[in-house]
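Each remark here refers to the structure printed beneath this line.
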Amino acid sequence: MAELLAVTGANGFVGRALCAEAVRRGMAVRGITRLPGNLPDGVQGVAVGNIDGSPAWADALAGCDVVIHLAARVHVMRDRSKDPLTEYRRVNTVGTVHLARCAAMAGVRRLVNVSSVGVNGVSTRGDRIFSDQNVPNPHNPYSVSKWEAELALQDIQESGKLKIVTVRPPLIYGPGVGGNFLRLLGAVKSGIPLPLALTQNQRDLLYVGNLVDNLLVCAAHPAAAGKTYLVSDGAPVSTDELLRTLAQALGVPSRLFRVPPYLLQMAGNITGRTAEFERLLSSLRVDGSRVCRELDWTPPYTLQQGLQATADWYLQSQAR
């Protein structure tokens, strides 16, 4: 009998790509979502309601061998809740721990938990590169809730009832992306002049196709059990280079002009958009060598291939 893979957050940006690829590889896939929704062909859908501490997981997890946990309350740029940390904890910490405990009781062998490189910190400076050996430094309610979930999962792992693998990705992009990356695509395509020609930062990104491939390896490889991995495309890029590459992929001129980064940072502080400017100007380097070495894994797509696929999807979606 084929193993059954369960994917939480199956109708999200990463979830849909993961489910589609798993089906393409001949796997039996159960897509778990909050509400009933469209899933890729060949995926069995199960709706469980809010993925916090309340779902009765027994039916959704029955017969499952591995769970890849993607469902989360994602980072909100302008969070208007009165207590953001409580809201993040409700889903990302309490919900994850509840899922893991129910998975152990249901006989699931392994849970792959998708966390965030934000657990390591907000940025890297100089020659520093984030790795799984860093002392965690979560910097906002979202990353705090992810780190607390990791700690709780370690306790469950030590009980011996469930093998845990944690993956901390940086910014994920690809067909179907939303948020800031989608806005960046729109700005480049529209030809809006951007004052970012002098950026010399270095940021690691992660193409959704590379993340999907890595998660499926983590779900099956014996050496992955109990490990925490940072993963990326393996090709850091400056904001200037990223924008020029996107412009080429979109078939439009690159319209960048020179403004000293410190002036841009000041503008961000004055306008209350410090975090947005920080992401454009700061570096975030990721050491993904451990996952490559221990799991004999290589990203199947280059940064250029990932950006071109994303640009192609954007152009097609605009045409529709």
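Each reported figure results from applying straightforward, stated rules to the coordinates on display, with no laboratory input. Note that the structure is a prediction, hence the values are computed from the model and not measured. Cβ coordinates were reconstructed from backbone atoms using ideal geometry, including for glycine residues, and neighbour counts include every protein chain displayed.
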Seminar exercise, completed: Expected unfolding gain across Gln316-Ser81 under the 0.36 nm per residue rule, minus the alpha-carbon gap, is 81.1 nm
Problem set entry | segment 1-104 - charge dipole about Cα centre, Lys and Arg +1 at Cβ, Asp and Glu -1, debye rounded to 20 | 340
Seminar exercise, completed: Under 5 Å from the placed amide H of Thr124, counting only residues 5+ away or on other chains, we find Ser283, Leu284, Arg285
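Would you calculate the volume per residue, in Å³, of the smallest convex hull containing every Cα atom of segment 59-213?
Details: hull volume 23.7 nm³, N = 155.
Each residue corresponds to 153 Å³ of Cα convex hull volume.
Between Ala235 and Gln200, what's the calculated FRET efficiency when r is the beta-carbon distance and R0 is 22 Å? Round to 0.05.
Working: r = 16 Å, r/R0 = 0.73.
Plugging the Cβ-Cβ distance into 1/(1 + (r/R0)^6) gives 0.85.
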Exercise. Whole-Hz Karplus ³J(HN,Hα) for segment 219-226, in order, using 6.51 cos²θ - 1.76 cosθ + 1.60 and θ = phi - 60°, x for Gly and Pro?
Worked result: 6, 10, 6, x, 6, 7, 4, x
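For the chain, with only Lys/Arg (+1) and Asp/Glu (-1) charged at the beta-carbon, what is the dipole magnitude about the Cα centre, in debye rounded to 20?
Values: 33 positive and 26 negative charges, 119 e Å.
Dipole magnitude for the chain comes out near 560 debye.
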Exercise. For the chain, modelled as a GNM with alpha-carbon contacts under 10 angstrom, which of Gln305, Gln157, Gln202 fluctuates the most?
Worked result: Gln305
Exercise. On the first, second and third principal axes, largest extent first, how far apart are the outermost C-alpha atoms of segment 171-308 in Å?
Worked result: 49, 31, 22
Exercise. Out of Gly42, Ala10, Val74, whose Cα points farthest toward the positive end of the dipole of segment 1-77 (charges: +1 Lys, Arg; -1 Asp, Glu; placed on Cβ)?
Worked result: Val74
For this session: Evaluate 2.2 N^0.38 Å with N set to the residue count of the chain, then give the Cα radius of gyration divided by it.
Result: 1.00
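Starting from segment 1-99, pick out the GluC sites (Glu not before Pro) whose DSSP state is loop and whose Cβ has at most 16 other Cβ atoms within 10 Å.
Loop-located and lightly packed - Glu3.
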Problem set entry | Computed [θ] at 222 nm, deg cm²/dmol, the chain (DSSP H ≥ 4; -39,500 (n - 2.57); rounded to nearest 500) | -12000 deg cm²/dmol
Problem set entry | Centroid-to-centroid separation of segment 82-97 and segment 247-320 [C-alpha atoms, Å] | 28
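Between Gln154 and Ala56, what length in nm is gained on full extension when 0.36 nm per residue of separation is reduced by their alpha carbon distance? Spell out each step's value before the answer.
Numbers: separation 98, 0.36 × 98 = 35.28 nm, distance 2.24 nm.
Full-extension gain reported as 33.0 nm.
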Problem set entry | Karplus-derived 3J(HN,Hα), 6.51/-1.76/1.60, for each residue of segment 160-172, Hz, glycine and proline x | x, 8, 8, 7, 10, 10, 10, 10, 10, x, x, 4, 9
Exercise. In whole Hz, what ³J(HN,Hα) sequence does segment 100-111 give by Karplus (6.51, -1.76, 1.60; θ = phi - 60°), x for Gly and Pro?
Worked result: 4, 5, 5, 5, 4, 5, 7, x, 5, 7, 8, 10
Exercise. In a GNM of the chain with a 10 Å cut-off on Cα contacts, which of Asp287, Asp59, Asp213 has the highest mean-square fluctuation?
Worked result: Asp59
For this session: Note the angle between two axes, namely the Cα long axis of helix 141-158 and the longest principal axis of the Cα atoms of the chain, as a number of degrees from 0 to 90, rounded to the nearest 10.
Result: 30
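Please report, in debye to the nearest 20, how large the charge dipole of segment 26-172 is about its Cα centre when each Lys and Arg carries +1 at its beta carbon and each Asp and Glu carries -1 there. Can you show the working numbers first?
Details: 17 positive and 13 negative charges, 38 e Å.
My answer is approximately 180 debye.
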